[in-house]
Structures are given as structure tokens and as C-alpha cells.
Amino acid sequence: MLSKIYNLLNYCYEDSMLEQLPNIEFQLFILSVKSLVPYENKIGCAFDLVRYKSEVDTFKYYKNGHDETIEYYINNQTSSNTNDSLLEYKILPLIIANTVYESVLEETLKLISFFTINPKSILDVIILSSCIYDYLTIEEIIEIDADLLNANLKERLISFSIKDFIKSVDSKNIMDKSQFIDFEKERIKLLTKPSFFTEEIILKYKSLQHILNKNSVTKTTNKENSEVLNNFASYLLKLRKGTVNPEKLKLNITNIPDLKEFLKSSSFIHPLLGKCIILKRSNTEIILKNKLGLLKVKI
């Protein structure tokens, strides 16, 4: 299982770890991992929205790339109806950390609705969650059974209640009647296809390329990046098995000062970023290092 998780992470995030400063795809992965909290009464992990909001409020200063849904949230403090082109990189840790499909779907939709209630994005979350969940759950799988993946996904798409989902989402941007209709149109269109895993959807998501097309890393992964991914894979496996004490992950995140207040010192301990050392200053940016790598903060 560890190698399966590692290989999936390696393929999905290899391109965003080629430079010294990780790109936004891997940064989004880290934000999601940091916002996972083990359930106290069952195996699996909840997605901590309060922690995530604090992470995103700090992330706006050091994000290395563009994400339209994050930009919208930063500017408006609410979700949009925009298609989330980077949703795969956000939800992957949540899928890996849970062994019950209902938990997988609940937590991934909680995350994505933080940014958008776009019908296609919601359906894509269901597609990805279903496929990756089955891939990880069927541990002895040798050949990917497309018929089984399609059958399971069809059942999950049909049983999914968009009304129940909206009722459970704490969002200011509740779907109106036209958006409900748009969702149902997209769902019907999807259900009429002979296969859900078309070339279009597979090419759209790296996890599906790895699982269904058996694509693997073609570039040489340097030793440092390999170690980082292996550590994350090990940690997610522990969360998946329920061997991480929830008490150790609890964090007081109320009244966190703005990151710029910390940047006045050459080193500091940030409630979310941990111990940071400033390596370089200029009039427009600061390069700092914490235990997860380098960050470029725009000033």
C-alpha cells in the first residue's frame, strides 16, 4: 500500500517539484494534508475547514502559481461558480486518508465547495473520488477492471443527492434553481456515456492517467523530493490506518497575526508555517525556508 500511495503521489506531483520552489499544485497538496484531522470515533480523517481557511489566508502571500478559484475566494471570501481546474491536487490527500467511501465523498466535497459549487467540478470530484478510492481499496488488484470502476461510479452518481449536499454545505453561495438544473443536466449527460472514463477525462487528471493508463514517472526524481514524497505517503498511510493521535494535531489558530508581521525578523516561528528562516530579502520578495522547503513571499 505504501508504494501504491507513493507512486500515485510521485506521478501527480512530479512536475510541480522540479524547481527549488514547489509550484502551486504541490503547495495545494500540503495545505490539504495539514488540514486533515483524524476522527475521534472512527477510522479516517475529517477535513478541518477552520484550519484550511487560516492556511489559505496565509497562503495568498506565498502561492507559487495561479488558481482562479483561490483568487476568487481571496478577493470575495466566499465560493464561486467557477470550474476548479486544480481540484485534483487539493482532494487527493483526503481520498488517500479515508477508507470509507461515504467519508471520502463528504470530505472532498466539503473542500471543493469551499471554493466552488460549479456542477462540473462537483461531478469531477465524484469521478476522481470513486476511481481513486477503488484503486486504493482493492489492494490486490493486478489489472484495472474498467467495468468494475464504471459500475461502482454509476451507482455512486445515481445515488448522490445534490440537495442533501447543498444542505450540508456551510456556504453563502447556495445553488439557485438554474444551478440545480445545470447540475442535473450534466449528471444525465454523464450517465448516458458508455464509459465514464473517456479519453477527455483521463487526459484531464494525472491520477486517472496513472491508474487507468498505467502512466509512471518519466523524469528522474531527485533524492530530496523522493524522500519528501515518501514521508508524506507514510504519513497519509498512518492517517488511513488510524494510528495518528488526533490530540497531537490540534492547533490553536485563533487570532493569527498577518504573515507580514513575522517577516520583520530574520527567523520566527509561525503558527501554521512552523520555524522559518529568511534566506534572502529584496524590495519585492522574501525567500524563506521551513521544514517543508522554500517559500517565496511577495511584499
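The values are calculated or read from the model by the stated rules, or taken from the named source; none is laboratory data. From a predicted model like this one, the values you see are computed outputs, not experimental measurements. Glycine also receives a Cβ, built like all others from the backbone with ideal geometry; neighbour counts cover every protein chain displayed. Side chains are part of the model used for accessible areas, which takes the heavy atoms of the whole protein and leaves out ligands, DNA and RNA. Shrake-Rupley method; radii C 1.70, N 1.55, O 1.52, S 1.80 Å.
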Give the residues of the range 94-121 that are assigned to a helix (DSSP H, G or I) and out of contact with any Lys or Arg (no Cβ under 9 Å at 6 or more places or on another chain), sorted by residue number. Ile95, Glu102, Val104, Glu106, Glu107, Leu109, Lys110, Ser113, Lys120, Ser121
Any residue at all in the range 184-199 that's out of contact with any Gly (no Cβ under 8 Å at 6 or more places or on another chain), buried (at least 17 other Cβ atoms within 10 Å of the Cβ), part of a loop (DSSP other than H, G, I, E, B) and in contact (Cβ under 8 Å) with a residue 24 or more places away in the chain? yes
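Applying the selection to the range 214-232, what residues are of a type outside the set (Asp, Glu) and either under 30 Å from Ser159 (Cβ atoms) or open to solvent by 100 Å² or more (accessible area, probe 1.4 Å) (or both)? If you could, list the steps in order and put the result at the bottom.
Restricting attention to the range 214-232, the residues satisfying the condition of being of a type outside the set (Asp, Glu) are 214-223, 225-226, 228-232.
Correct list: Lys214, Thr218, Thr220, Lys223.
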Does the range 254-270 include one or more residues that are on the phi < 0 side of the Ramachandran plot, open to solvent by less than 90 Å² (accessible area, probe 1.4 Å) and in contact with a Gly (Cβ under 9 Å, 6 or more places away or on another chain)? no
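With a cut-off of at least 2 residues that are in contact with a Leu (Cβ under 6 Å, 6 or more places away or on another chain), name the strands (runs of 3 or more DSSP E) lying wholly within the range 255-299.
Numbers: elements: 267-270, 274-281, 285-290, 293-298.
Those strands (runs of 3 or more DSSP E) span 274-281, 285-290, 293-298.
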What pairs come up if the first residue lies in the range 274-295 and is open to solvent by less than 30 Å² (accessible area, probe 1.4 Å), the second is of a type in the set (Asp, Glu) and in a strand (DSSP E or B), and their beta carbons are under 7 Å apart, counting only those six or more places apart or on different chains? none
Quick one: Ser130 ticks every box in (1) open to solvent by 10 Å² or more (accessible area, probe 1.4 Å); (2) farther than 24 Å from Gln27 by Cβ; (3) out of contact with any Gly (no Cβ under 7 Å at 6 or more places or on another chain) bar one, so which box is it? (1)
With the structure loaded, tell me whether Ile211 is closer than 16 Å to Ser35 by Cβ, open to solvent by less than 50 Å² (accessible area, probe 1.4 Å) and not small (Gly, Ala, Ser) or whether it fails that test. no
Residue check for Ser178: among the small types (Gly, Ala, Ser) and either touching a strand residue (DSSP E or B) at 6+ places or on another chain (Cβ under 7 Å) or open to solvent by 20 Å² or more (accessible area, probe 1.4 Å) (or both): yes
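Right, Lys167: open to solvent by 40 Å² or more (accessible area, probe 1.4 Å), at negative phi, over 21 Å from the mean Cα position of the chain (by Cα) and modelled with pLDDT of 95 or more or not? Before the answer, list the steps.
Details: open to solvent by 40 Å² or more (accessible area, probe 1.4 Å): yes; at negative phi: yes; over 21 Å from the mean Cα position of the chain (by Cα): yes; modelled with pLDDT of 95 or more: no.
Answer is no for this residue.
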Quick one: which of Asn41, Asn118 is buried (at least 22 other Cβ atoms within 10 Å of the Cβ), at negative phi and not hydrophobic (A, V, I, L, M, F, W, C)? Asn118
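So, in the range 223-255, how many residues would count as being charged (D, E, K, R) and touching a residue at least 12 places away in the same chain (Cβ under 8 Å)?
Initially, the range 223-255 is screened for residues charged (D, E, K, R), giving 223-224, 227, 238, 240-241, 247-248, 250.
If we keep only those that are touching a residue at least 12 places away in the same chain (Cβ under 8 Å) too, we end up with 240-241, 250.
Going through the range 223-255 one residue at a time, the tally reaches 3.
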Restricting to the range 64-79, what's the tally of residues that are outside any helix (DSSP H, G or I) and over 19 Å from Phe26 (Cβ atoms)? 3
